Amino acid sequence: PHVASILWVFAAFLPHIGAKKTTIFRDGIFANPIYAPKPIEGALECLACCQKYPICKGMPNFLPPLTSVFQEAEGWVTLWKQLGMYDNPTLEDSFKLPYVGGIWTDVARMFDMALQEMQLTGSEVILDLGAGQGWASRYFAEKGCDVVAIDVVADEWYGLGRSWAIMDYAGVYFEPILADGEHLPFRPNQFDIVFLCGTLHHFREFGPVLKQIYRVLKPGGRLIAAGEPAISLLAREQDVQAMLKETQVGITERRPKVFEYWWTLYKAGFKKIRIDTFETWRVSPSSIRNWVLAVRNNSFRTVRTRYKLGVWLVFTILAHFPPKWAGLITLYLNGGNLFIRAYKR
């Protein structure tokens, strides 16, 4: 779909009270933002191919008619119901995300790392892929960036439908769109940054989505993926997946090894690929050495007896390597909560 050349076609129209900062798509991905009422229901028509896409509750729907996409979206709603999130809603938390503590503590810490890495000036065009409620898009928009937030879940409490409340609360605007990462509805070379937070591991195969990201990034543009889980070189992914409640409701939950992330990024064409975790990102050499020894001790306790001597020797030797290499090798062996950055050639 040639979303950069589209026309608003109104089937029904409900203007907000007051004007919203609405981004109009034209020959590029963005024309200058104008203040205009936002269409709530209707359709978008591609001027190039005449394909129409519905607008539902203010969000253009570009989701492909694939069973896997609908299964993923329904799986999240089912999980939230099982967790009682509709019975005891925490909707006010969406205005504070990711800074709400609990299971969000590491997400907040990783997001802060991403913001430091981005060094936003307000001139960037950003795609927030797998945006959830759009909480990250809110912060990018507050810094003056033009932002598109996409997700497959339209739910108005915990999905992308919640983005309208977040925008009203923060006094910002970004473009919420229902779309799938493997079928990005954008022309090539449109975004300065594609941001993912805990998103990449929800794709069965990384190759297709990474190729799409590479396509829509501008030359020299950046992919920044925060909070991607990776398992130890000695662990089996299927064993880890079997313990996850998400997989029981149809949600894709990958637990790859670190090398798989690097290799698929490389095959997609990315350069300057850097992968870190909390213990390796902008820390002192002594901190890295202490982490390597901590990994050694923990691994020694948890691996099978036949591996214990090898594990002890490997990490003891690594602790005496130059810190950069010690941290990198330990990360690839041990896995962790990953912070990934890569550039388009």
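None of the figures in this text is laboratory data; all of them are computed from the coordinates on show. Because the structure is a prediction, the values reported are computed rather than measured. Cβ coordinates were reconstructed from backbone atoms using ideal geometry, including for glycine residues, and neighbour counts include every protein chain displayed.
With a 10 Å cut-off between alpha carbons and a GNM built on the chain, which of PRO64, PRO89, PRO188 moves the most?
PRO89
Cα gyration tensor of region 105-197, axes a ≥ b ≥ c as square roots of the eigenvalues: rounded (a/c below 1.5), prolate (a/b > b/c) or oblate?
Numbers: a/c = 1.34, a/b = 1.08, b/c = 1.25.
Rounded, since a/c falls under 1.5.
With everything on Cα atoms, drop me the angle between helix 67-82 and the longest principal axis of the chain, reported from 0 to 90° to the nearest 10.
Helix 67-82 sits at roughly 80 degrees to that axis.
Between ASP112 and LYS143, what is the spin-label point distance in nm, taking each point 7 Å from the Cα along the Cα→C-beta axis?
1.5
Along the charge dipole of the chain, pointing to its positive end and built from +1/-1 on Cβ of Lys, Arg, Asp and Glu, which listed residue (GLY269, HIS183, ALA48) has its Cα farthest out?
Projecting each Cα onto the dipole axis, the largest value belongs to GLY269.
At what distance in nm do the modelled label points of THR316 and TYR169 sit from each other, each positioned 7 Å from its Cα along Cα→Cβ?
5.2
Could you give the size of the charge dipole of the chain about its Cα centre, using +1 on the Cβ of each K and R and -1 on the Cβ of each D and E, expressed in debye and rounded to the nearest 20? Display every interim value, and only then the final one.
Values: 38 positive and 32 negative charges, 312 e Å.
Roughly 1500 debye for the chain.
For LEU129, what charge total do you get from the other residues with a beta carbon under 11 Å from its beta carbon, if Lys and Arg give +1 and Asp and Glu give -1?
Numbers: positive: none; negative: ASP128, ASP151, ASP180, GLU182.
In short, -4.
What is the extension gain from THR252 to LEU66, computed as 0.36 nm multiplied by their sequence separation minus the C-alpha to C-alpha distance, in nm to one decimal? Let's see the in-between values first.
Numbers: separation 186, 0.36 × 186 = 66.96 nm, distance 1.43 nm.
Taking 0.36 nm per residue and subtracting the Cα distance, the gain is 65.5 nm.
Treating the angle as unsigned and between 0 and 90°, give the value, to the nearest 10°, between the Cα long axis of helix 285-302 and the longest Cα principal axis of the chain.
The two axes meet at around 80 degrees.
Which net charge results when you count Lys and Arg as +1 and Asp and Glu as -1 among the other residues whose beta-carbon is under 15 Å from that of PHE195? Walk me through the intermediate numbers first.
Details: positive: ARG138, LYS143, LYS218, ARG222, ARG341, LYS344; negative: ASP112, GLU117, GLU124, ASP128, GLU142, ASP146, ASP151, GLU175, ASP192, GLU228.
Cβ neighbours under 15 Å give a net charge of -4.
Specify the residue with the greatest mean-square fluctuation among THR277, THR105, THR67, computed from a Gaussian network of the chain linking alpha-carbon atoms under 10 Å apart.
Maximum fluctuation in the GNM of the chain, among the listed residues, is at THR67.
Students often get this wrong, so try it: which of (1) 18.3; (2) 16.6; (3) 24.1 is mean projected area of the Cα convex hull in nm² as calculated from the structure shown?
It is the one labelled (1).
How high is the FRET efficiency between ARG304 and ARG215 when r is their beta carbon distance and R₀ equals 51 Å, given to the nearest 0.05? Write out the running numbers ahead of the final one.
On the way: r = 44 Å, r/R0 = 0.86.
E between ARG304 and ARG215, to the nearest 0.05, is 0.70.
Go ahead and set up a Gaussian network model of the chain, Cα springs under 10 Å, then flag whichever of PHE270, PHE315, PHE140 fluctuates most.
PHE315
Place a label point 7 angstrom from the Cα of LYS272 along the Cα-to-Cβ direction, then list the residues of region 289-329 whose backbone nitrogen is under 13 Å away.
none
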